[in-house]
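Peer 1: I am attaching a structure below and will ask some questions about it afterwards.
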Amino acid sequence: MSTLAERAAARKRAERSQSALDWLDDRLGSSKWLRSAMDKIFPDHWSFMVGEIAMYSFVILVATGIYLTFFYNASGAEVVYHGPYRPLDGQKMTIAYESVINLSFSVRAGLIMRQAHHWAALIFIAAIVFHMGRIFFTGAFRRPREVNWVIGTTLLLTAMLEGFSGYSLPDDLLSGGGLRILYSIVQSVPIVGTWLAADLWGGNTFPGNGDFFPRLFVLHEFVLPLTLAGLLGAHLAVLWRQKHTDFPGPGKTEHNIVGSRLWPQYFVKTNALLLFVAGVVFGLGGLVQINPVWVYGPYEAARASSGTQPDWYIGWLDGALRLWPHWEFRSFGHEIPNPFFPGILIPGILFAVIYAWPWLDKRIYRDYGEHNLLDRPRDKPLRTALGVAALAFFVDLTLASATDLIGNALGVPFETLIELMQYGTFVAPIVAGVVAFRVCVRLQRGQVHPIQRPVGGIMVRDARGGYHTVGAAHDGHEASAEEHGLEPAGAGPPAGASEAH
Amino acid sequence: MKPGQWSSWLSRARLSPERRRLLAGPTAVVGLSVVAFSVLLWASGAPAQTQAASAPPAVDIAVGEALYNAHCESCHGAGGVGGVAPQLVQVGAAAADFYLSTGRMPLDSVHDQPTPHTPYFSKAQIADIVAYINALGVEHGTPGPGIPSVTPACAEATAGCPTLSQGQQLYLMNCAQCHDASGSGGELSHGYVVPSLRSATPTQVAEAARVGPRPMPSFGPGQLSNEQLSAIADYVHYLSTTPDPGGLGIAHFGPVPEGFVGVIFGLGVLLVAARLIGNRG
Ligand code: HEM
């Protein structure tokens, strides 16, 4: 419905972008690749954008992190603080802690960068977990996408390590407490534990001889981010090569993919999301306080604070330590210390199962074929029930990490809560799994699968005599691409946004 | 850019209403955070500490005795010798003032755990009862600890003058394991709730340390000198009256509420955004 003038303007714009492309092409010969990249199809379902929330959080983490590295100083050497924060004035502390206090009070924009960095970390991992849930519950990990499932799980593990190492850098009371626990867990590894801990921390007692901070810093701002970036690159390359999955629906088959093109529609969508992520992260960073290290004070072994918790994504490990009964085992003359089981063995088994899931799933369903169309969670009740059970288990452990606060808020003794949550590790997954299974079965009965729904719509005549269609399942991307006048006429594949697998 | 140029640029950019709607949300969020950021930069200076010294009210022991007989005797016995509740002859003014000014006494039933409430008596009445209980101790030759006086913190370390820095170190060493580094409280074993210190006055903080309201341990002058006690009280006061440099304090309970806000609010808003953006073709 565009006027003549509008069409002319659109043509002019198209010509302009064409000439820019020509310029690039003359120099790089890139037009063929660019053309196909720009036409890449992205499915129009919101859950496919959750991975991007994680990706953009990562981008913000890197950007704010670079700013922080300019001012952070990874040294365990001692100094006396003299600065604007009066309660710390004259206190002895490590240079690492002092540099974080300076970042918070003396460096311009230091505090908002610190806070945005920390909020972005919380959101980053939350988005990864949600993304992983969508992959799991819809069966997107099935052949040929097992590779990306494995890369993705490694991304999650690396992101957790990255978060924990960052939380430990400031050397405040919480960092030190967390590292003290990690030190004990490392020590508890049978046979090699003591050596390992002494090597990492440099010395046979916590917190070691001060070598640890430079090591931690190299991990946090070099090794782990590069690993993340490399894995993310591989993750996206595989995705690009294999193309997206999509939910079944009218016009969607195992061999095509329907949705928006990267240029221009998806480009606008994804950038809007980037702005949202930046807005939320910096909004929180500017308005809501996080990790006030000046309140916790510098780490000192003799001090402790109630309400000392790790960041949320480590909470389940802390919870496992709290819930594990005080059992110890001896075998072959070796004591296997208590923290080894909840701290290493159980997470190890859990992640092994997660890594192996695509292959376990194949066995369960005896389905070794390729799948580009997704399952709806209700269509695979067993898988869905197992996923929900696993989530319930994680929630139970995570809550266990906050028993003192929950007890305080509800007025319940935390011994009672610990006991409840110990039972909860068995009861919660079973109850949640059974409920999920039944809900799936109910939903299945109650609805027609979209693939069986009639295609098209029903033509109705309204009271004024006009005609229109109702219930049209497919609202026509063709129309919208034309309407925006952004397709250069006669160039590229036909406007219908779909491509073959 | 003149207004005319602006609107013609807008019409030339010809954002469809749909796309304009798409961009409105993010633009608003980014705009808001820029504003918030500027406000934060502007307001980040910590305000000066205020600590009003109130003149001691004129006390009347006879009024105190009458109030005691009416409200306390049933449990604590005539003349404070004890009954279903502990004796008060030796507890001293610090304990009496602490239990009355935090509203812990009078108790409804001996089986209740005393918890902080709005005080039952007026300030003047409290002073009268405290004077009466203090006099009981003096009469028996066993005066208990008096109400500790808190010296306001000095900016510079000078002799006889507590600093916030001293206060923070002593607080983190002696009190934070139960009351939390940020003074927001916690829980002990057997379901004893540790109250937040954020509404306690400096005098109440010092009294609590001397008295040790069960199950809190008491800290005598051998453990914390008067000056050290002042330093702790000043620091707690600073913590609870200074605005948080980083913005909203979200209950001051550390990583748990932070995780909640990050996951539920942060990711939640972004999921809504993805939902709004994602299903558009
Ligand atoms: C650093 C963290 C991660 C980032 C930044 C990230 C990013 C992305 C992005 C942007 C996509 C494409 C959009 C989408 O399908 O949602 C994607 C796809 C995918 N991701 Fe991730 N991801 C991360 C972690 C994970 C994890 C933990 C897993 C699972 C264990 C995983 C498994 C997958 C799979 C299988 C796909 C292909 C999905 C499909 O085509 O339907 N990713 N990822």
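The values are calculated or read from the model by the stated rules, or taken from the named source; none is laboratory data. These numbers were taken from a predicted model, which means no experiment stands behind them. Note that each Cβ is placed from the backbone with ideal geometry, even for glycine, and that neighbours are counted across all protein chains shown. The protein model used for the area step is the full one, side chains on, heavy atoms only, and it has no ligands, DNA or RNA in it. Shrake-Rupley method; radii C 1.70, N 1.55, O 1.52, S 1.80 Å.
Peer 1: Among the candidates B:P106, B:P86, which residue alone is open to solvent by 60 Å² or more (accessible area, probe 1.4 Å), at pLDDT below 95 and out of contact with any Asp or Glu (no Cβ under 6 Å at 6 or more places or on another chain)?
Peer 2: Just one listed residue meets the conditions, B:P86.
Peer 1: Are there helices (runs of 4 or more DSSP H) fully within segment A:296-413 with at least 3 residues that are open to solvent by 50 Å² or more (accessible area, probe 1.4 Å) and free of Cβ contacts under 8 Å to residues at least 12 places away in the same chain? List them.
Peer 2: Those helices (runs of 4 or more DSSP H) span A:346-365.
Peer 1: Out of A:A198, A:A126, A:A116, A:A120, I need the residue that is surrounded by fewer than 22 Cβ atoms within 10 Å (Cβ to Cβ), in the same structural domain as A:F217 (by TED's automatic domain parsing), among the small types (G, A, S) and in a helix (DSSP H, G or I). Which one?
Peer 2: Just one listed residue meets the conditions, A:A198.
Peer 1: Determine, yes or no, whether B:I232 is within 28 Å of the chain's Cα centre (by Cα), more than 8 Å from chain A (Cβ to nearest Cβ) and of a type in the set (V, I, T).
Peer 2: Yes: the conditions hold for B:I232.
Peer 1: For A:L226, state whether it is within 14 Å of the ligand (Cβ to nearest atom) and more than 30 Å from A:F105 (Cα to Cα).
Peer 2: no
Peer 1: Would you confirm, using the coordinates I've provided, whether A:S104 is within 20 Å of A:W294 (Cα to Cα) and either at the interface with chain B (Cβ under 8 Å from one of its Cβ atoms) or within 16 Å of the ligand (Cβ to nearest atom) (or both)?
Peer 2: Yes: the conditions hold for A:S104.
Peer 1: Oh, and also: Among what's in segment A:31-74 and is of a type outside the set (D, E, K, R) and in a loop (DSSP other than H, G, I, E, B), pick the residue that is farthest from the ligand (Cβ to nearest atom).
Peer 2: The selected residue is A:N73.
Peer 1: Can you name the residue in segment A:130-143 that is touching a residue at least 60 places away in the same chain (Cβ under 8 Å) and assigned to a helix (DSSP H, G or I) and is also most open to solvent (accessible area, probe 1.4 Å) among such residues?
Peer 2: So, considering only residues that are touching a residue at least 60 places away in the same chain (Cβ under 8 Å) and assigned to a helix (DSSP H, G or I), the one most open to solvent (accessible area, probe 1.4 Å) is A:F130.
Peer 1: May I pose another question? Need the failing condition index for B:A131 against (1) open to solvent by 70 Å² or more (accessible area, probe 1.4 Å); (2) assigned to a helix (DSSP H, G or I); (3) not basic (K, R), just the number.
Peer 2: The single condition B:A131 does not satisfy is (1).
Peer 1: Can you run down the residue pairs with Cβ atoms below 8 Å, 6 or more apart or on separate chains, where the first is in segment A:212-239 and assigned to a helix (DSSP H, G or I) and the partner is away from the ligand (no atom under 11 Å from the Cβ) and of a type in the set (D, E)?
Peer 2: If the second residue must be away from the ligand (no atom under 11 Å from the Cβ) and of a type in the set (D, E), the pairs left are A:F213/A:D171.
Peer 1: Name the single residue, out of those in segment A:233-290 being within 13 Å of chain B (Cβ to nearest Cβ) and aromatic (F, W, Y), that is least open to solvent (accessible area, probe 1.4 Å).
Peer 2: Checked segment A:233-290; the qualifying residue least open to solvent (accessible area, probe 1.4 Å) is A:Y266.
Peer 1: Take A:S165 and decide whether it is in a helix (DSSP H, G or I), away from chain B (no Cβ under 14 Å), more than 8 Å from the ligand (Cβ to nearest atom) and open to solvent by less than 20 Å² (accessible area, probe 1.4 Å).
Peer 2: Yes, satisfied.
Peer 1: Could you check how many residues of segment B:244-270 are surrounded by fewer than 23 Cβ atoms within 10 Å (Cβ to Cβ), at the interface with chain A (Cβ under 7 Å from one of its Cβ atoms) and farther than 27 Å from B:V194 by Cα?
Peer 2: 2
Peer 1: Tell me which residues, restricted to segment A:135-150, are near the ligand (Cβ under 7 Å from one of its atoms) and not small (G, A, S).
Peer 2: Residues satisfying the conditions are A:I135, A:F141, A:R145, A:N148, A:W149.
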